[in-house]
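Below you'll find the structure, written out as structure tokens, and then a few comments.
The values are calculated or read from the model by the stated rules, or taken from the named source; none is laboratory data. Quick caveat, the model's predicted, so the values are computed rather than measured. Positions of Cβ are backbone-derived with ideal geometry, glycine not excepted, and every protein chain shown enters the neighbour counts. Just the protein is used for accessible areas: all its heavy atoms, side chains included, with ligands, DNA and RNA removed. Shrake-Rupley method; radii C 1.70, N 1.55, O 1.52, S 1.80 Å.
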Amino acid sequence: MYNFLWFSSSINIKLHGFDKIEDLIDHFKAYNDEGKLINRFFDSEVKVLDTFDDAVKRLETKYGAEQVEVLGMEVKTLYEPCASCKKQIILRQQIYKMKEVKVKAAWSVKEGKFAQGNKDLIEMNLIK
């Protein structure tokens, strides 16, 4: 078993089932703290998930799609994933038919919630 961590500085776009790029980008919108709908398409999380997809496709190309099975995914993050990221994680679970998906974020026992920003991380003594 291998554990992989991918980072990406670019994003590869494949328009499977979309007529134009704007239709694809609409799936990456989320509300910010002020309640304003913002585009998350170019955020780091999207790039990391895209790189994950690319790595799976490379394995399928090398070994054959029938030989590659994505058993699970573990996403580690400081903050609770936004609605857009959660949607993308769920989509990948469905696409790859993963049996297990774990999302690990900083948890405040005192507040009973995931970290939402740096203020929470400071209060949890995770950063100064």
Exercise. Looking at (1) out of contact with any Gly (no Cβ under 9 Å at 6 or more places or on another chain); (2) closer than 22 Å to residue 127 by Cβ; (3) open to solvent by 30 Å² or more (accessible area, probe 1.4 Å); (4) part of a loop (DSSP other than H, G, I, E, B), which is the only condition residue 81 fails?
Worked result: (3)
Problem set entry | Single residue of 49, 71 found to be at pLDDT below 85 and among the hydrophobic types (A, V, I, L, M, F, W, C) | 49
For this session: Identify, by number, the condition in (1) modelled with pLDDT of 80 or more; (2) at positive phi that residue 17 doesn't meet.
Result: (1)
For this session: For segment 102-128, name all the residues that are outside any loop (DSSP other than H, G, I, E, B) and surrounded by 15 or more Cβ atoms within 10 Å (Cβ to Cβ).
Result: 103, 108, 114, 120, 121
Problem set entry | residue 61 open to solvent by less than 30 Å² (accessible area, probe 1.4 Å), out of contact with any helix residue (DSSP H, G or I) (no Cβ under 9 Å at 6 or more places or on another chain) and either modelled with pLDDT of 80 or more or part of a helix (DSSP H, G or I) (or both) | no
